[in-house]
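Single-structure report; data block below.
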Amino acid sequence: MSSSEPLARETSASETSASGTSAGQPAAPPSRRAVLELALGAASLAGGCLRPLYAEGTASTVGGSVRTALRDIDVPEIKGLVGHHLRNELVFELDGGGAPAGAKRLTLTASVTESLEFVSVDSLDGRADSAVLVATADWKLARIGSGEIVSQGINAARAPYERSTQRFATVRAARDAQIRAAKTLATLIRGRISADLVA
């Protein structure tokens, strides 16, 4: 045997050790850094495809941007105390409450119903200690003039409150629950309308 053969075997073994793999063996799993770089790359690509919903460049189905279309919604009076607060909250949610009045292209009509759910009852006098106000809004958004329905839906909001032996305190707590329910409904309705207006 020549002296060059052991040298060749040693060289082959060192190459296999340096590469970390040999023929017939699976490759080593990717490092945590490689996985992180891949995830960040995918996130950056996905982020480039997203558009802010309320940006001026987001087109609406009624013309202009979604942000402009929201400002062009007229909200007539809504019956009931919750309806009154809902109308005020919608006006603020749709145009910020400070935009100058202009020609409206859309009208939002709504009706509100209320119900009470009693959570706990005093075992001594049978009086409800706490309750939950359930406010439900049935609404439609239509084009002014043609009456074409652009968006519609039914949303519900739940607002719990404590009932006291003092009548004034109970009335005040119930009023606060109505205001909270109206705010929640306005936020839900605005979100649904915004999504439906995206072209």
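No lab work stands behind these numbers, since they all come straight from the coordinates. This structure is a prediction, so every number in the text was calculated from the model and none was measured. Reconstructed Cβ throughout: ideal geometry from the backbone, glycine too, with neighbour counts over all protein chains shown.
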Sort 134-144, 151-161, 84-94 by packing, meaning the average of other beta carbons within 10 Å per residue, with the highest value first.
84-94, 134-144, 151-161
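Give me the tail of P(r) for the stretch 66-197 as a percent: Cα-Cα pairs with distance above 19 Å. Numbers along the way, then the final one.
Working: 4505 of 8646 pairs.
That fraction is 52 percent.
Rounded, prolate or oblate for the stretch 144-197? Axes are the square roots of the Cα gyration tensor eigenvalues, ordered a ≥ b ≥ c, and the cut-off for rounded is a/c under 1.5. Display every interim value, and only then the final one.
On the way: a/c = 4.76, a/b = 3.11, b/c = 1.53.
Prolate.
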Among all the lysines, which ones have a C-alpha under 16 Å from residue 140's C-alpha, if same-chain residues fewer than 8 places away are not counted?
79, 104
Ranking of 148, 162 by count of other Cβ atoms within 10 Å, fewest first
148, 162
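What FRET efficiency comes out for residue 61 versus residue 132 if R0 is 35 angstrom and r is the Cβ-Cβ distance? Round to the nearest 0.05.
Working: r = 36 Å, r/R0 = 1.04.
About 0.45, to the nearest 0.05.
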